[in-house]
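Structure record follows, encoded as structure tokens.
The values are calculated or read from the model by the stated rules, or taken from the named source; none is laboratory data. Bear in mind that the values here come from a model prediction, so they are computed numbers and not experimental data. Please note: Cβ atoms are built from the backbone with ideal geometry, for glycine as well, and neighbour counts cover all protein chains shown. Ligands, DNA and RNA are stripped out before the accessible areas are found, and what is left, the full protein with its side chains, is counted by its heavy atoms. Shrake-Rupley method; radii C 1.70, N 1.55, O 1.52, S 1.80 Å.
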Amino acid sequence: GGGGGGEEEERLRAALQGALQRLVGNLAPEWAAARAALETLLRLLDNILQHPAEPKYRRIRLSNPAFQERVGRHAGGKDFLVAARFRYTADGGALECRGDDAAAVWVACAAVRDVLAAVPAA
């Protein structure tokens, strides 16, 4: 709640962009892998926005093979989700997005779309 979110949103955007640049920078010039990582992140975030009442979409199991393959094993992948206000569960086995962080998910979604638009089609 409360206004004056400009500065905080700038900080959030900078953290998200930094993680995405690290992710893409490490994968370049493997553009297919970079796009797969970004598209996976976009799908995860989009699911949360499309299904706000569904807890299963807010929890990403880090052991999930598809997530691990496309995002988790790459530098910047998990950092991006942490920047998007996801938090590690107590056992460290998953990243969770709390319901009150929808604004961060919107900003994260926009950040991924911007970077995805700049990545060459494989």
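Which entry is the computed Rg/Rh (Cα atoms, Kirkwood Rh) for this structure: [x] 0.93; [y] 1.00; [z] 0.96? Among [x] 0.93; [y] 1.00; [z] 0.96, the one calculated here is [z]. I want the local charge near Gln68. Using Cβ-Cβ distances under 14 Å, sum +1 for each Lys or Arg and -1 for each Asp or Glu among the other residues. Local net charge: +3.
About its Cα centre, the dipole of the chain is roughly 340 debye, where the only charges are +1 on Lys and Arg Cβ and -1 on Asp and Glu Cβ.
Within the chain, helices built from complete DSSP H runs that reach 20 Å or longer along their own axis (Cα positions) and carry a mean Kyte-Doolittle hydropathy of 0.0 or higher are 31-50, 102-118.
Counting only protein heavy atoms and a probe of 1.4 Å, the accessible surface of the chain is 50% carbon and sulfur. Taking amide H atoms as placed 1.01 Å from N in the peptide plane, the amide H of Tyr88 lies under 5 Å from those of Glu96, each 5 or more residues away in sequence or on another chain. If R0 equals 25 Å, the separation of the Cβ atoms of Ala75 and Ala118 corresponds to a calculated FRET efficiency of about 0.85. Note that the chain presents 56 Å² accessible area per residue, ligands and nucleic acids not counted, probe 1.4 Å.
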